[in-house]
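Since the structure comes first, as structure tokens, the remarks are kept for the end.
The values are calculated or read from the model by the stated rules, or taken from the named source; none is laboratory data. All of these numbers come straight from a predicted model, not from anything done at the bench. Virtual Cβ from ideal backbone geometry, glycine too; neighbours counted across all protein chains shown.
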């Protein structure tokens, strides 16, 4: 939660730096982009377990991890908000005996440009990101576990390009760059991974907001004040909506059961990516939304011949209140309660099962050019479920988790007539 708070405070800091002028209106507030990039990691020293010599050094060579970034340039060229999707991981090693895998999976970040981004102008930036780093060291054909952790990453660099095409050159900085890794089922070793990585990217940006829109509607949207209410005299009392988007869940508390019985797997699991499906009703004039959401959340830990699958099937009811609207950035906060069925299997055998009701907190934001007349909305959900747990052989296996619904596409069918 401390990392998430830091990210939120960084957003607030960026907001306070933006000046207003007559050219800065709602419909040119943000611009979408796609980026094909890669992180390049320098060589580093690992440790392996040798039955005759014990723990010995092993040098891992340079590696790189390509990724696809989806983001938006906000605040009229001053702020960059993005998510990063890993594509692969490659090493320059020619040895098949020992290989290291170093990559990032879930990355959500933001960058600030002190000078607004312009065509044919070299633009510096500084940024921070919430990142899940992955590390695995594989020796011969051993079933070594994939370890992961989430933390803050900082970066800086330069953007340069012409019109819609940009090139990025930057450096990533990792304040915490080590893994306590099990080099066999019983021996752990602290491995220092690189503190820096290079970041390269090619960006294509495009404008969708207001494109082809009736000029009278565009003028109406641009007439909204910078800070305004999220309702703005809606024509409907309320509207139904449907939503779908990719999510990841992060267990925030260590598993006492795994620590006692399977110390060589991650103690704070991170789920595989899953879909969040929602059906809800937006009370336009009350600035309140209610929704039912279904998620099938899979966690998997694996290593040294052992496999643990934890599956959570959840039907959740939530309600949240929209706080304000700043040029289409519309944050909200509320409460939720879920009916959850949790199963834990080890090597395909069921070891624990429980159905429970779990309360939690929902918060997030919408990105939208309109207000309650907007038919298509991009929404980000975060749900914290602090009290969930299940017992395995009398020991606690914590499910205190943060669900992160990265980008949810939300459709309001009854609002589509407004644009016509």
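So is residue 360 touching a helix residue (DSSP H, G or I) at 6+ places or on another chain (Cβ under 9 Å) and crowded, with 18+ Cβ neighbours inside 10 Å or not? In short, no. If you check 287, 295 for being crowded, with 16+ Cβ neighbours inside 10 Å and under 30 Å from residue 225 (Cβ atoms), only one passes: 287. Residue check: residue 377 meets all listed conditions (1) modelled with pLDDT of 90 or more; (2) in a strand (DSSP E or B) but one, namely (1).
Kindly check whether there is at least one residue in the range 189-209 that is at pLDDT below 80 and buried (at least 16 other Cβ atoms within 10 Å of the Cβ). Yes - at least one qualifying residue is present in the range 189-209. Residues that are modelled with pLDDT of 90 or more and surrounded by fewer than 20 Cβ atoms within 10 Å (Cβ to Cβ) within the range 156-167 comprise 156, 157, 158, 160, 165, 167, listed in sequence order.
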